[in-house]
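Notes follow the structure.
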Amino acid sequence: MDSKTKGIIATVASVLLCGCPGLFMCIFGVVSAIGKMPYNTDVNGVTSTGTVPPTVGFVLLCLSLIFIAIPIVVGFMTMRKKPEASVSNDNIPPAS
């Protein structure tokens, strides 16, 4: 398997494992940050309702940006053309 195929596989895997959850986390972060994310809990017959605090939404937004940046960095690092190492014999002295 050549390096380009490995790069494509790594990029697709990072998009599926980091990019998609990052986008969903971004959506939930925006909804939480504007204060529109309600919750309902029921523990032993005691019901509680409220909204998720906006700080949770801002944390989710920051995490989602990191998760979305991972596939971009992986794609750039694996798909870029690496410079060829040129070896010249001009500077090597002859063997005696």
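Taken together, the values in this text are just the output of simple stated rules run on the coordinates, not laboratory data. Just so it is clear, the model here is predicted, and its values are computed rather than measured.
Using the Kyte-Doolittle scale, which helices in the chain average at least 1.6 and also have C-alpha atoms spread 24 Å or more along the helix axis, with helices defined as whole DSSP H runs? Could the numbers behind the result be given before it?
On the way: long enough: 54-79 (38 Å, 2.32).
What comes out of the filter, once short or polar helices are dropped, is 54-79.
Placing one identical point scatterer on every Cα of the chain and ignoring solvent, what is log10 I(q)/I(0) from the Debye formula at q = 0.16 Å⁻¹?
The Cα Debye sum returns log10 ratios of -0.79.
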